[in-house]
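These notes are about the structure you will find just below.
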Amino acid sequence: MYNKIRITVASLLIMTLCALSSTATLSYFTDTDAATNEFTIGNASTTLSIYEDENSTEFNASHHSPVVKDIPFYLSAENTGNIPVYQRFRVVIPIELASVVTPDLLGSACDDIATNENKSCSNDDYTVTYDDSVEVGTATYAEYYITSKTALGVNAKTKNWPMTKLKISTQVGELSDIQKSLLTCENGSDNNCKLGIKVYSDAIQTAGFTDAVSAFANFTEKYD
């Protein structure tokens, strides 16, 4: 069985002009169990958007430079393919920043996710799980997986807001050199700031799966 997946990544560079980019696509045809002689061909695709308020104002990094405070950060995904999909956000944070930057998830319902026994939380729309040590090549990340509980229809957008801010828990002077290189402005310039965090929108077709959990059980994650 081949799983058709599309991965959209937004690399978050805190700069005056561009704050959002979408890249990285991996896709295949998907079939169901061969014994049923069924074959589903379609385009499983989601487009990721990041806003800075509940009115869907496009995120503008220049409003939040230098990066030394909490940042309003609203995630949304739209099914831009032609088949229903299960959709998941991944918030990927370099391990050096994991103690400094935490997302405000499900309206603060997940504040203790990093310390609770199951490292998970949920509401009516999403389930969130946390992995505090994901090895990618020579790098280590902390990752938050935000999975929609219901399928996302063609042209539909994700429900409500799974995330509303990135919480910055320290000031520039208290950061280590590595943290500064990932999080703060260089040479005191507001035009050369960066936030070393990536957000991915993963989509996989619903056909052949009973729910989102089973759909993503064998999902191979890709990174930029």
Checklist entry - Counting only residues that are open to solvent by 20 Å² or more (accessible area, probe 1.4 Å) and part of a strand (DSSP E or B), which one in region 143-167 is farthest from Leu48 (Cα to Cα)? => result Lys167
Item to check | Selection count where residues are in contact with a Leu (Cβ under 6 Å, 6 or more places away or on another chain) and either open to solvent by less than 70 Å² (accessible area, probe 1.4 Å) or on the phi > 0 side of the Ramachandran plot (or both), scope region 193-224 | outcome: 4
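With the condition kept exactly as written, say whether any residue in region 57-66 is open to solvent by 10 Å² or more (accessible area, probe 1.4 Å), hydrophobic (A, V, I, L, M, F, W, C) and at negative phi.
Our first condition is that a residue be open to solvent by 10 Å² or more (accessible area, probe 1.4 Å); within region 57-66, this holds for 57-60, 62-66.
Restricting the remaining residues to those that are hydrophobic (A, V, I, L, M, F, W, C) gives 59.
Checking the rest, the ones that are also at negative phi come to 59.
Yes: region 57-66 contains one or more residues that are open to solvent by 10 Å² or more (accessible area, probe 1.4 Å), hydrophobic (A, V, I, L, M, F, W, C) and at negative phi.
Take Glu78 and decide whether it is surrounded by 13 or more Cβ atoms within 10 Å (Cβ to Cβ), charged (D, E, K, R), more than 13 Å from the chain's Cα centre (by Cα) and at pLDDT 60 or above.
Values: surrounded by 13 or more Cβ atoms within 10 Å (Cβ to Cβ): yes; charged (D, E, K, R): yes; more than 13 Å from the chain's Cα centre (by Cα): yes; at pLDDT 60 or above: yes.
So Glu78 passes the test.
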Item to check | Condition met for Ser133 (loosely packed, with under 13 Cβ neighbours inside 10 Å, at pLDDT below 95 and assigned to a helix (DSSP H, G or I)) | outcome: no
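Got a sec? Which strands (runs of 3 or more DSSP E) wholly within region 84-129 have at least 2 residues that are among the aliphatic types (A, V, I, L, M)? Let's see the steps before the verdict.
Working: elements: 85-94, 101-105, 120-122.
Result: 85-94, 101-105.
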Next on the checklist: I'd like the full set of residues that are more than 17 Å from Tyr126 (Cβ to Cβ), touching a residue at least 60 places away in the same chain (Cβ under 8 Å) and of a type outside the set (Gly, Ala, Ser), limited to region 93-116.
Outcome noted: Ile93, Pro94, Glu96, Leu97, Val100, Val101
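Quick one: is Ile93 farther than 21 Å from Ser214 by Cα and surrounded by 16 or more Cβ atoms within 10 Å (Cβ to Cβ)? Before the answer, list the steps.
Values: farther than 21 Å from Ser214 by Cα: yes; surrounded by 16 or more Cβ atoms within 10 Å (Cβ to Cβ): yes.
Yes; evaluated as a whole, the condition is true for this residue.
The values are calculated or read from the model by the stated rules, or taken from the named source; none is laboratory data. Since the structure is predicted, the reported quantities are computational estimates derived from the model, not experimental observations. Positions of Cβ are generated from backbone atoms using ideal geometry, with glycine treated the same way; all protein chains shown enter the neighbour counts. All accessible areas refer to the heavy atoms of the entire protein, side chains included, with ligands and DNA or RNA removed. Shrake-Rupley method; radii C 1.70, N 1.55, O 1.52, S 1.80 Å.
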